[in-house]
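Take a look at the structure below.
Taken together, the values in this text are just the output of simple stated rules run on the coordinates, not laboratory data. Everything quoted here is computed from the prediction, not taken from an experiment. Using ideal geometry, Cβ is built from the backbone for each residue, glycine included, and neighbour counts are taken over all protein chains shown.
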Amino acid sequence: MPSNLLLPPRHYLNDGYGVWSWLLTRDHKRIALLYLAAVTFFFFIGGAFAVMIRLELATPAGDMVSDDTYNKLFTMHGVMMVFFFLIPVIPSVLGNFLIPIMIGAKDLAFPKLNLASWYIYMIGATFTTYAIVTGGLDTGWTFYTPFSTASSTTNVIPAALGIFVTGFSSILTGLNFIVTIHKMRAPGMTWFRLPLFVWSHYATSLIMVLGTPVLAITLLLVAAERLFKFGIFDPELGGDPILFQHLFWFYSHPAVYIMILPGMGVVSELVAAFCRKPVFGYSVVAFSSLGIAILGFLVWGHHMFVAGQSVYAALIFSLLSFLVAIPSAIKVFNWTATMYKGAVSWETPMLYAIGFIGLFTIGGLTGLFLAAVGLNVHVTDTYFIIAHFHYIMVGGTIMAYLGGLHYWWPKISGRTYNELLAKVSAAIIFFGFNLTFFPQFILGYLGMPRRYHAYPPEFQVLNVLSSAGASLLGVGYLLPMAYLAWSLRYGKLVGSNPWGAVGLEWTTTSPPPTENFAETPVVTWEAYDYPTRVEGHVA
Amino acid sequence: MPNGVTHHPALAHHFDNLEQQNEAATLGMWVFLVTEVLFFGGLFAAYTIYRNWYPAAFADASHHLDVMYGAINTVVLIGSSLTIALAVRAAQTGDRRTLMLFLVLTMALGAVFLGIKSVEYYQKWEEHHIPGPSFQYEPAEYFRHAQVFLSLYFVMTGLHAVHMIIGLGIMTWMLVWAWNGTITKEYASPIEISGLYWHFVDIVWIFLFPLLYLIGRHGPTVH
Amino acid sequence: MAPRVDALYFFLVAVTTFFSLLIAGLIVFYAIRYRRREPDAVGARIEGGLLLEITWTIIPFLITMVIFVWGASIFFAMSRPPDETLNIYAVGKQWMWKFQHLNGAREINELHVPLGRNVKILMTSEDVIHDLFVPAFRVKADVVPGRYTQIWFQPTKPGTYHLFCAEYCGTQHSRMTGRVVVMEPSDYQTWLATSGTPGALAAAGETLFNDLSCNTCHRRESQSRGPSLHGLVGRTVNLEGGDTLVADEAYVRESIVNPSGRITAGFQPVMPAYQGLVSEEGLLALVEYVKSLGDASPTSHAQ
Amino acid sequence: MSAHHIVPVRTYVIIFGLLMLGTYLTVQAAFLDLGAFNTPIALAIAIAKATVVVLYFMHVKYSPKLTWIVVIGSVFWLAVLLIMTFGDYATRAWRTFG
């Protein structure tokens, strides 16, 4: 069906050309695209390390790379993915692009700070990548002491400082979002008319602002201890290595909620848009985001049940870890209830959303295994843990990110992608993912420890399955990059609301003008207020 | 452009009015101060643990710090809080000369604080009390734990001093803005948020002084 | 212990499978049953339901509390070794395990234990954090430098089982593995006899005790400069400044390595710190020797 | 803050006096042997001084409710970090039973 639509004459993409119009832009939409490019680059570097790890683990003997290289591989995979992809991806790409438009503002509260955040991210990330590529880092992404402070001989200080710098990009983005959501909502856009995407990013920003500084000081202490031989974490000098774990996990557990909450926000939007009905229990879902953000700070001890922590502290952390699982369960039930009696479309974003809900449920429930202290003792530090958090990170965050990217792609570029190719790649990713990580649950229960370069032969069959899945997953991730890039040039033009969805971002043109709206919208309708018939929907 | 109102030079395009911009700036600074609270919080957590573990060594090592210098620094820093508060008041009432006077006074007091700090650091350097290979300490059985105390001392006061230096940089920037008239009665928020930052740095010192300098200053019995 | 852990594990597998199938089933069913038939169809306006919200908050809460209590009870049993155990000392060192039996027998990456006896392993590390993990016994604990941690288990089936290091510790972390050999009690006795003499570890501790001239201060009679060590382990010690604590292996080790930390009431902090002067094996031998001074002499000063 | 609440100079000077008093008190208290109460007193004085600075010098007393929430939130999170970390260390020596 030849689209008789034209791109709007003036929009943020043709509002200035040349390198400097991008590198010095203060438009939140262009900064979002700068992040998109950077984050995708680092994702594929991290992904390359993952493929090498899986190739090595296809054989029980560690025969592809040396011990040290393997240790650097899993460390680099962890650092790249956690700090340079999973934490920034949805907030800085989709959040940056959409939050101002969704609340009817012209831009974020501090545009210059937003650009500074991108530069800080790029400086930190490239510096760490340089440190990792030239000398490597073999402390694991967790930097446990006294190995990182006394025993490791690799680039610990450069990597720690690089992540320290990148942390500020996260802090400043969080700060920007909080002030924007508080102070720059359009007239009539009350808190309970905000899209759930904005609610989940508000909760995420709270965690970014409250948690990241503690990681900053911890990494600073590790660097200081290596440089000046302080005695803070090294038992030889009177320090306590378990204090490092407390301070590290105080940030790093809430960090996993920084990674998943934005994904939940995206899925709430997708489910509402593709069932064309309000999300079931809007305020409950909104408050459960806040609940996760707050409770998320009280549970870090479940990473340290076997680390020598006191028994009573372990019990308290275990109890609180079960409480933090409840809001996530509530969200899953509410998404499922939303689909009841909806007009459920099977377009690609919805496939990703359905995939997310299914895989996140498995990921969340396997978390209960780890919260139960008696069971944690057996399965912690094994491949059960690897499978658990990959179900949440890859099955959850990346699925939601791809879903969100496909859903808002027409709004970002004014063009749409090839639907069949998108569905095929979604299926490949879903299948490849499960083949990679489900065997690892069994491996974990059988007792294969994590971060092992060589393993006993009886674990080989499951490892080969996992490696096969990993190659499938790797291919699956290449496809979207290909057809989305292709759609930028040749994609079919779409109007301002290709999905017939409700939301301020669908009332402005695709791609939107630099100031987002001709004039500031006045909101009079509730969130997800679908009329009986959706006009102007182009199938 | 917003309908008809004379567009104040300092009003950014994406804000509706100056009041919204000021509120956003203030909220932004407060949220930043939350991150600073937790940034120092990690150090206070380490301090709490190690003081509980090594009370005797911490008390003994704390006696090597000069209470007089600490007390003077506290008075100096609280004084600079007063002067910056008066500077903010002057900015809000549009009194440019007083504003600049108090800004200079604040920076002077900040410099005095850093001066006293460097004297103390030099003293430590002379007494070989800087943790690391050159560290010496009598009596010998407190050697390891005194080094933990002194490394905490240097990290906490060092980080505080870095924040002071950044504060002085901000004050110079504010002085320039006060001098060239950017700061006016309506647009005083840069001075307000600089004041918030300075007060925060003062509050950190208010906690550092008793926790580092005043442990077990009474009699020989160690508690 | 393993059967209790497995019971909880399979209960949780059942819970996970049930809820995953429930959610996946519902989603797929709704996606098919309510698929969008015309391009501009709209879903029913259902805002929410308080009753439903409450049910799927309370039910998960109850289930999680059941799992919490079950997991906590197992953990409690794990963390509380029975009073009468066969003690073995373990020292983790970058990339090998060193086990020391009471009869002086030393083993590298191998551990022979008798069937049916409660075995307690007291562990420490010489450099970085390691983790003793025997999957078959479902036990795991980090081995932290500078302090003692312990695991206990009761082997029920003879055979050879994997032993892993489960906390990343450097280059050969994945080579730091070993075997636990569970033997019939009779075979175990013969193995013990061939590999050492009874009480050898305590004897080694005594020679070290004398070499380091500990005996100049710590003697049986009460007026010596150091507190008497007879019957120390397990007894409540009054400390300077009013605190009291029950002396255990960790307290003995800490008092050797860092005596000024906790000074026994009525004594001066004159004991030099032996940090770095005695190896971890030496400390274990000294601890064993102090424990072997079982009979508290009537004249001992410190109660 | 938004209403540009101008605080009279007199208030500032009184607050400054209070803070000086606090400093004097905390130094004197340190040299008295109050046994277990030394640290709590020193902390109490420091917290009082900090609260006074926050309320008057930083104008939180005249600020909208949102600023109060931010300040109280930061104190709460700092408390979570300190209390739960210290909770582990405090209960480590407890014997487990049963």
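Angle of helix C:2-33 to the longest C-alpha principal axis of chain C, folded into 0 to 90 degrees and rounded to 10: 20°.
Just need log10 I(q)/I(0) for chain A at q = 0.09 Å⁻¹, Debye formula, equal scatterers on the alpha-carbon atoms, no solvent, rounded to two decimals. Reported log10 I(q)/I(0), two decimals: -0.64. Computed from Cα atoms alone, the Kirkwood hydrodynamic radius reported for the stretch C:86-195 is 13.9 Å. Taking N as the residue count of the protein assembly as shown, its C-alpha radius of gyration divided by 2.2 N^0.38 Å amounts to 0.99. Going Cα to Cα from residue A:183, which aspartates and glutamates come in below 14 Å? Please leave out same-chain ones fewer than 8 positions away. Partners found: A:107, B:16, B:19, B:23.
For chain D, relative contact order (Cα pairs under 8 Å, six or more residues apart, normalised by length) works out to 31 percent. Along the charge dipole of the protein assembly as shown, which of A:121, A:184, D:80 sits closest to the positive end, that is, farthest toward it, with unit charges on the beta carbon of Lys, Arg, Asp and Glu (+1, +1, -1, -1)? The residue sitting farthest along the positive end of the dipole is A:184. Computed over chain B, relative contact order equals 33 percent, with contacts defined as Cα pairs under 8 Å that lie 6+ residues apart.
Scanning chain B for GluC sites (Glu not before Pro) in DSSP loops with at most 15 other Cβ atoms within 10 Å, what's the longest stretch left with none? Walk me through the numbers on the way to the answer.
Working: sites that count: B:127, B:186.
No qualifying site falls inside B:1-126, the longest such stretch.
Counting Cβ atoms of other protein chains within 10 Å of each Cβ in C:76-89 and taking the mean gives 2.
Could you work out the mean projected area of the convex hull around the alpha carbons of the stretch B:112-223, in square nanometres to one decimal? Approximately 9.2 nm², given one-decimal rounding. Packing, as the average of other Cβ atoms within 10 Å across residues, places the peptides A:113-120, A:177-184, A:433-440 in the order A:177-184, A:433-440, A:113-120, highest first. Considering only B:57, B:161, B:12, the mean-square fluctuation computed in a Gaussian network model of chain B, springs between alpha carbons under 10 angstrom, is largest for B:12. For the stretch A:22-79 and the stretch A:100-118, write down the distance between their C-alpha centroids in whole Å. That distance is 28 Å.
Its Cα centre serving as origin, the stretch A:25-506 has a Cβ charge dipole (Lys and Arg +1, Asp and Glu -1) of approximately 1780 debye.
Throw me the Rg/Rh for the stretch D:24-83, computed over C-alpha atoms with Kirkwood Rh, two decimals.
Working: Rg = 14.6 Å, Rh = 13.3 Å.
Reported Rg/Rh (Cα atoms, Kirkwood Rh): 1.10.
Within chain A, the longest segment free of exposed loop sites, counting GluC sites (Glu not before Pro) that fall outside DSSP classes H, G, I, E and B and have at most 15 other Cβ atoms within 10 Å, spans A:1-518. When you restrict to C-alpha pairs under 8 Å that are six or more residues apart and normalise by the size of chain A, the relative contact order lands at 19 percent.
Among the chymotrypsin sites (Phe, Trp or Tyr not before Pro) in the stretch A:441-539, those located in a DSSP loop and surrounded by at most 13 other Cβ atoms within 10 Å of their own Cβ are A:525. The GluC sites (Glu not before Pro) found in the stretch C:1-98 that occupy coil by DSSP, while having at most 11 further C-beta atoms within 10 Å, are C:84. Annotation: amide H-H contacts under 5 Å for residue A:448 (H modelled 1.01 Å from N, sequence separation of 5 or more, or interchain): A:383.
Compactness check for the stretch C:211-270: Cα Rg over 2.2 N^0.38 Å is 1.05. Under 1.5 on a/c is rounded, so check that first for the stretch A:325-403, then, if it is not, pick prolate when a/b is larger than b/c and oblate when it is not; a ≥ b ≥ c are the square roots of the alpha carbon gyration tensor eigenvalues. Judged from the Cα gyration tensor, the stretch A:325-403 comes out oblate (a/c at least 1.5, b/c at or above a/b).
Counting other Cβ atoms within 10 Å of each Cβ, which trypsin sites (Lys or Arg not before Pro) in the stretch A:433-539 have at most 12 and sit in a DSSP loop? Can you show the working numbers first?
Details: sites: A:450, A:451, A:489, A:492, A:533; in loops: A:450, A:451, A:533.
When the trypsin sites (Lys or Arg not before Pro) of the stretch A:433-539 are filtered for loop state and at most 12 Cβ neighbours within 10 Å, A:533 remain.
Neighbouring Cβ atoms within 10 Å as the yardstick, rank C:211, A:27 fewest first. Can you show the working numbers first?
Values: C:211 10, A:27 27.
Placing the least packed residue first, the sequence is C:211, A:27.
Can you return the lysines within cross-link range of residue A:277? Criterion is Cα-Cα under 18 Å, with same-chain partners fewer than 8 residues away left out. Residue A:277 reaches A:331, A:341. Once you reduce the stretch B:14-47 and the stretch A:315-381 to the center of their Cα atoms, the two points are 33 Å from each other.
Using alpha carbon centroids, what distance separates the stretch A:145-186 and the stretch C:123-150, in Å? Centre-to-centre (Cα) distance: 31 Å.
Just counting partner chain Cβ atoms within 10 Å, what average do the residues of peptide A:224-230 show around their Cβ?
Numbers: counts 6, 3, 0, 1, 8, 7, 10.
Shielding by partners across A:224-230 averages 5.
In order along the stretch A:170-183, phi translates into HN-Hα couplings of 5, 4, 5, 5, x, 4, 4, 5, 4, 5, 4, 5, 6, 10 Hz, rounded to whole numbers, per the Karplus curve 6.51 cos²θ - 1.76 cosθ + 1.60 with θ = phi - 60° and x for Gly and Pro. Taking the longest Cα principal axis of chain B as reference, the axis of helix B:143-179 is set at about 20 degrees.
Remark on chain C: hydrodynamic radius 23.3 angstrom, per the Kirkwood mean of 1/r across alpha carbon pairs.
Taking the longest Cα principal axis of chain A as reference, the axis of helix A:348-371 is set at about 30 degrees.
Rounded to whole numbers, the Karplus 3J(HN,Hα) couplings from phi for the stretch A:277-282 are 7, x, 5, 5, x, 3 Hz, using 6.51 cos²θ - 1.76 cosθ + 1.60 with θ = phi - 60°, and x at Gly and Pro.
Each residue of the stretch C:272-282 was assigned a 3J(HN,Hα) from its phi angle through the Karplus expression (A = 6.51, B = -1.76, C = 1.60, θ = phi - 60°), giving x, 8, 9, 3, x, 8, 10, 6, 4, 5, x Hz with x at Gly and Pro. Per-residue shielding of A:496-502, expressed as the average number of other chain Cβ atoms within 10 Å of the residue Cβ, stands at 1.
Counting helices only, and only those DSSP H runs with n ≥ 4, report the 222 nm mean residue ellipticity of the protein assembly as shown as the sum of -39,500 (n - 2.57) divided by its residues, in deg cm²/dmol to the nearest 500. Let's see the in-between values first.
Numbers: 31 runs with 662 residues, N = 1163.
Result for the protein assembly as shown, helices only: -20000 deg cm²/dmol.
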